[in-house]
1. In what sequence do 231, 341 fall when counting other Cβ within 10 Å, fewest first?
2. Mean residue ellipticity at 222 nm from the helices of the chain, using -39,500 (n - 2.57) per DSSP H segment of n ≥ 4 over the full residue count, to the nearest 500 deg cm²/dmol?
3. Take each of the peptides 134-144, 29-39, 263-273, average the number of other beta-carbon atoms within 10 Å over its residues, and list them starting from the highest.
4. Output ³J(HN,Hα) for the range 158-172: one whole-Hz value per residue in order, computed from phi by the Karplus curve 6.51 cos²θ - 1.76 cosθ + 1.60 with θ = phi - 60°, and x for Gly and Pro.
5. Given H placed 1.01 Å from N in the peptide plane, which residues other than close sequence neighbours of residue 222 have an amide H under 5 Å from its amide H?
6. Test of understanding: ordering 17, 291 by Cβ neighbours within 10 Å, fewest first, what list do you get?
7. Helix 81-95 sits at what angle to the longest principal axis of the chain, using alpha carbons and giving 0 to 90 degrees rounded to 10?
8. On alpha-carbon atoms, Rg over Rh for the range 174-360 using Kirkwood Rh?
Amino acid sequence: MGRKRSAGLRLRHGVWHIEKQIYGKKLCESTGTGRLEEAELILARRREEQWQAKVFGVRPRRMFREAATRYLEENMHLASIGDSALHLRQLDPFIGALTLDRVHSGTLQPFIDHRRHAGVKVKTVNLALGVVRRILNLSARLWRDEHGLTWLENAPLIQLLPDSTAREPYPLDWEEQRRLFQALPDHLARMCLFKVNTGCREQEVCRLRWEWEVQVPELETSVFIIPGVRVKNREDRLVIMNRVARSVIEEARGSHPQFVFTYRGQPVQCINNNGWQRARRSVELTQVRVHDLKHTYGRRLRAAGVPLETRKVLLGHKNGDITTHYSAPELQELIDAAERVCGQNFGKTSARTLLRKAAANGVGR
């Protein structure tokens, strides 16, 4: 038996959906009701809205689900789009069928209550609210219809939840770093040593490729330029290496044709794995997260008197500049700044020696 239909309406899983072209615009949306009489009234109202928009320039109302679909379609290139899609799928039963002008803190509260009751962390709920806020801002400021009208007149203020559980960063001191790195398996120790001397994020280290290395003959060194599509803030990431980081790179060179950091011939998916967890427990540093290595680098740069703008470049923070276009003197200035956090004893103890010492102690076996 086929699905039940009425003029411009189709019944799907007990709910009537509008499927009709009105004044040149194709409407495909849920009415949110299983009653045909109500669905016909909603269809008539949508027809009236389209006529008002065409003749008088009155903004038609759109469902949040339509805006969410457009957001996903336009941002398929983002590394985080999978997370956004998951958040929107979880939001859909609560606000998907609402018009954009009805999405605000009040109508989002049932979603918030449901997620918090399910034990979801505040940070995760806030990520979902952030996606909603982004879609509403695009609807009010950027997206326009065929009549030149924005999808939404004004975007409401969507406040994030206060997060009392957020943990402060824990930058390592030199002795904590020594203990932790010696307890790590060799391949993780190498990755962490590179991370704490470049400020790269975890996935920037895990997915680092040789093809991104750029030689700088004038300075007899090289840098890595990670494409923006692989970077959290979507800007190309310039990775400046001090002598510690360069030592790690030379140690890894030739081990794999594509990826810099590998384990048994395969790229490492994440640093925060069982080996990392065991090492933290063994040296009683369970409060340290992988991201704290980035904080450690930033804290050491600041303690060394490196200016804020230079720190932002070295840490790969979003600043709107074309961060990969630098002259040799400018690159030398960045390298000099990165050299200031190598540690007092690095000239006597290379990365190779550190890793060999860890292996001699039986770490990673």
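Here, each number is a calculation from the coordinates, and none is a lab measurement. Remember, predicted model here, so these are calculated numbers, not experimental data. Methodologically, a virtual Cβ is constructed for each residue, glycine included, from the backbone with ideal geometry; neighbour enumeration extends over all protein chains shown.
1. Details: 231 18, 341 23.
Fewest-to-most ranking of 231, 341: 231, 341.
2. Values: 14 runs with 166 residues, N = 365.
Mean residue ellipticity at 222 nm (helix-derived): -14000 deg cm²/dmol.
3. On the way: 134-144: 17.5, 29-39: 15.4, 263-273: 13.4.
Per-residue mean Cβ counts within 10 Å order the peptides as 134-144, 29-39, 263-273.
4. Coupling constants for the range 158-172: 9, 8, 7, 6, x, 10, 7, 8, 4, 8, 5, x, 10, x, 7 Hz.
5. Residues meeting the amide H criterion: 216.
6. Details: 17 19, 291 15.
So the ranking, lowest neighbour count to highest, is 291, 17.
7. 30
8. Working: Rg = 15.7 Å, Rh = 16.7 Å.
Using Cα coordinates only, the ratio equals 0.94.
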